[in-house]
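The values are calculated or read from the model by the stated rules, or taken from the named source; none is laboratory data. Remember, it's a predicted structure, so these values are computed and weren't measured experimentally. All Cβ positions, even for glycine, are placed from backbone atoms using ideal geometry, and neighbour counts span all protein chains on display.
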Amino acid sequence: MGNNVGKYPITLKSMASNGVCIAEYGQNKEYRFIVAGEDKQIYLFDRDGRLIPKWNFGGSESLVTNPVQHFDIDGKDYLIVSDKQNVYFLDRQGKARDGQPAPFVRSANPLYFINDGNPRLIATDQVGRIHIMDFAGQAQIKEVGKFGSAHRFVAEDLDGNGSPEYIFADDKKLTIFSDDGKKMSEHTFSDEISETPYVFTMGAGITKIGVVIKGENKVYLLDKNGSVMHGFPLEGDTNFILGKFNDSNTWFNLIIGEQDNTLINYRIE
């Protein structure tokens with residue numbers, strides 16, 4: 001009924017600078033709630049809201065604004081903390097694991113985790129170079145083009161071959177590159193792309209990319225070749241979701257907000 005649980009809410013020692021990460025160790029319901037503070041410290045709580053003792057992370061170099069990430073790599077827990085110029089690989093106690101990635105000035109985009117048998121993290125720097133980091137701290141850098149510091153970036157497998165494609169949204173232009181850096185498609189809109197592109201699966205082998213253009217109050221769905229889906233664009237200017245209310249439905253529902261403070265539910269077939 002929305003009642004507080006146990007000792008919650010709890011007061012943090014510092015104003016939070018990111019969203020909460022919920023990590024489960026060993027799939028045994030040993031949960032940790034992890035949040036960064038504006039004091040550049042990372043705070044861990046158990047599910048009862050108790051601060052975890054013996055946490056050894058000394059603090060980040062700059063503010064941590066993206067949520068901490070948790071991965072189990074070959075039976076080892078990795079807590080991934082990222083600030084403006086560093087990616088920290090930590091163990092459960094906050095100690096640095098062997099093999100830390102070299103610093104670079106990151107874009108505002110999140111880290112993407114890819115695991116096709118070779119687990120790695122993918123991010124971009126402020127000019128759009130792609131940094132691919134494995135969990136031994138080794139990095140590969142790919143340069144597929146020049147992009148502004150405010151570019152939006154997504155790494156996602158669009159064609160089901162196990163390797164990610166790279167999606168860049170920069171000003172009015174959406175560009176998709178293959179894993180080896182070849183340009184697959186490009187689409188230029190009439191106004192600036194206002195949200196990070198979304199990737200949706202609409203069936204076996206059917207992947208669409210959602211793009212919002214706030215300046216023209218429009219939402220688009222495109223395929224990996226840059227072609228706009230029939231029936232689009234539709235009206236809307238916010239983040240949106242695309243899915244089914246019922247698994248038995250043969251259609252999808254697209255839920256989006258509009259400029260006059262209304263919520264729209266489109267039926268997509």
Condition met for Ile264 (surrounded by 15 or more Cβ atoms within 10 Å (Cβ to Cβ) and either touching a helix residue (DSSP H, G or I) at 6+ places or on another chain (Cβ under 9 Å) or in a strand (DSSP E or B) (or both)): yes
What is the residue count in region 215-258 for residues that are outside any strand (DSSP E or B) and in contact with a Gly (Cβ under 9 Å, 6 or more places away or on another chain)? 6
Taking Asn4, is it surrounded by 13 or more Cβ atoms within 10 Å (Cβ to Cβ) and assigned to a loop (DSSP other than H, G, I, E, B)? no
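Let's see how each residue does on (1) surrounded by fewer than 16 Cβ atoms within 10 Å (Cβ to Cβ); (2) under 19 Å from Lys142 (Cβ atoms); (3) in contact (Cβ under 8 Å) with a residue 40 or more places away in the chain:
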residue: Phe168; (1), (2), (3): no, yes, yes
residue: Lys172; (1), (2), (3): yes, no, no
residue: Thr175; (1), (2), (3): no, yes, no
residue: Tyr198; (1), (2), (3): no, no, yes
residue: Thr207; (1), (2), (3): no, no, yes
residue: Asn225; (1), (2), (3): yes, no, yes
residue: Gly236; (1), (2), (3): no, no, no
Kindly provide the set of residues from region 66-103 that are outside any strand (DSSP E or B) and closer than 23 Å to Phe45 by Cβ, ordered by number. Asn66, Pro67, Val68, Asp83, Asp91, Arg92, Gln93, Gly94, Lys95, Arg97
Does region 209-256 hold any residues that are basic (Lys, Arg), at pLDDT below 95 and within 22 Å of His187 (Cα to Cα), and which are they? Lys224
Within the bounds of region 149-161, is there any residue that is outside any strand (DSSP E or B) and of a type in the set (Phe, Trp, Tyr)? no
Where a residue in region 4-28 is touching a residue at least 12 places away in the same chain (Cβ under 8 Å) and its partner, wherever it lies, is in a loop (DSSP other than H, G, I, E, B) and hydrophobic (A, V, I, L, M, F, W, C), with Cβ under 6 Å and at least six apart: Ser17/Leu63; Ser17/Val64; Asn18/Val64; Cys21/Val68
Single match in Asp179, Asp171 (criterion: within 20 Å of the chain's Cα centre (by Cα), of a type in the set (D, E, K, R) and over 22 Å from Ile256 (Cα atoms)): Asp179
Going through Phe113, Phe89, Phe71 one at a time, which residue ends up being surrounded by 20 or more Cβ atoms within 10 Å (Cβ to Cβ), out of contact with any Asp or Glu (no Cβ under 6 Å at 6 or more places or on another chain) and of a type outside the set (Val, Ile, Thr)? Phe89
